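One structure is given below, encoded as structure tokens.
Throughout, read-outs are computed from the coordinates displayed, never taken from laboratory work. Predicted model, so just to flag it, every value in this text is computed and none were measured. Neighbour counts run over all protein chains shown; Cβ positions are idealised from the backbone, glycine included.
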Amino acid sequence: MNAAPALVAYTAAVGFAAPHLLLRSRWTHRAPALAAAVWHALAVSFSIATALTAATLATPTEHLHAGLLGLLHTCGLTESAKQPSPDTADRLAVGLPVAIGIALVASFVLHVVRARRVRTQHREAVDLVGRHSARLCATVLPYDTPAVYCLPGRHPRIVISDAAVRQLTPEQLGAVLEHEQAHIAGRHHLALAAVEAFHTVFPWVPLARHAREQTALLLEMIADDRALRRHSHEVLATAMYEMAAARAPKGALAAGGHTVLIRLQRVLGPRRAAHPALWGSVAAAALVVPLLPLLVACPPGLG
């Protein structure tokens, strides 16, 4: 029995239906780190399902078990006497999934390298124009709008405008600096590069578009939660309000920006942590979802 119909249905469900269900869920803003993990798990699951679908469509008369044996044989991992030489369909069954994997990896590397180059150029300009503040552990730039952002990576920088230093209270400054430290420590730029790469390879898929948008928002919420460990909700909210008009340069992560309104509502609204049972079940689902395409393509009991 060929698994292509089931894989096509699963891929469509993950790529088109799952994003809308997740967007309507109420728990995502209560557990942003878990929600970001779910978006990434769905992206991985969709990628694997697409690769397996391509393999099964290339060999429509074979079951996936045979396709996997063909893949191993092509890679030299099985005895040639037990497997015939692969024909064109076999080569397509191997080549198409490999091409999808290479495209995703290459896109991720390209986004990482390109963003690193942009941040390096900006970092060099910041070091020339700004002045380092040992008290703030940041570089202060002459700029009339309150703004704070970070340049993550191998040589991270936190950049703050002198207008922010003048207008924000010490507590507000501490909150936004803690926010930026969370971005750097969490290597959030790599998570963004991953969803950017996924969107580059699958730009027409709703999952790719929403994963990119929601990951950016959820990472800001994760950084907000880090700041709230040491600072009050009111301090962080007023600091975010002061910097709502600021825009981060390309490749940077900022406490302000277009997501401020949503985050302000979250910070100032009623706080209710996700129930441990919900957290555990969603975390388990995030771990299992990437493996589901393999079960769909090769269910137990089929040979």
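Annotations
- Where chymotrypsin sites (Phe, Trp or Tyr not before Pro) fall in DSSP loop in region 127-235, at most 14 other Cβ within 10 Å: Trp204
- Residues whose placed amide H lies under 5 Å from that of Ala246, excluding near-sequence neighbours: Gly257
- The distance from the alpha carbon centre of region 37-55 to that of region 214-262 is 30 Å, rounded to a whole number.
- Selected from Gly269, Gly95, Gly130 as most flexible by GNM, with the chain as the system and alpha-carbon contacts under 10 Å: Gly269
- Dividing the Cα radius of gyration of the chain by 2.2 N^0.38 Å, with N the residue count, gives 1.21.
- Between Glu171 and Leu278, the modelled labels are 3.0 nm apart [label points 7 Å from Cα along Cα→Cβ].
- Calculated [θ] (222 nm, deg cm²/dmol) that DSSP helices of n ≥ 4 give over the chain, each run adding -39,500 (n - 2.57): -20500 deg cm²/dmol
- With the charge dipole of the chain set up from +1 on Lys and Arg Cβ and -1 on Asp and Glu Cβ about the Cα centre, the Cα lying farthest toward the positive end among the listed residues Thr56, Gly256, Leu190 is that of Gly256.
- Put in line by how crowded their Cβ is, counting other Cβ atoms within 10 Å and starting with the fewest, His199, His132, His183 read His132, His199, His183.
- Of Ala277, Ala193, Ala239, the residue with the greatest mean-square motion in the GNM of the chain, using alpha carbon springs below 10 Å, is Ala277.
- For Leu253, nonlocal amide neighbours, meaning residues 5 or more places apart or on other chains whose placed amide H falls under 5 Å from its own, are Cys150.
- For region 4-297, the Cβ-based charge dipole about the Cα centre amounts to some 540 debye (Lys, Arg positive; Asp, Glu negative; other atoms uncharged).
- Between 0 and 90 degrees, the angle of helix 276-288 with respect to the longest Cα principal axis of the chain falls at about 50 degrees.
- Sequence of Val140, Val109, Val98, Val159 once ranked by neighbouring C-beta atoms within 10 Å, starting from the fewest: Val109, Val98, Val140, Val159
- Given 15 as the ceiling on other Cβ atoms within 10 Å, longest exposed-site-free region of the chain for trypsin sites (Lys or Arg not before Pro) in DSSP loops: 27-134
- Exposure proxy order (Cβ contacts within 10 Å, fewest to most) of Ile262, Ile160: Ile262, Ile160
- With Cα atoms, 0 to 90° folded angle of helix 206-228 axis to the chain main axis: 40 degrees
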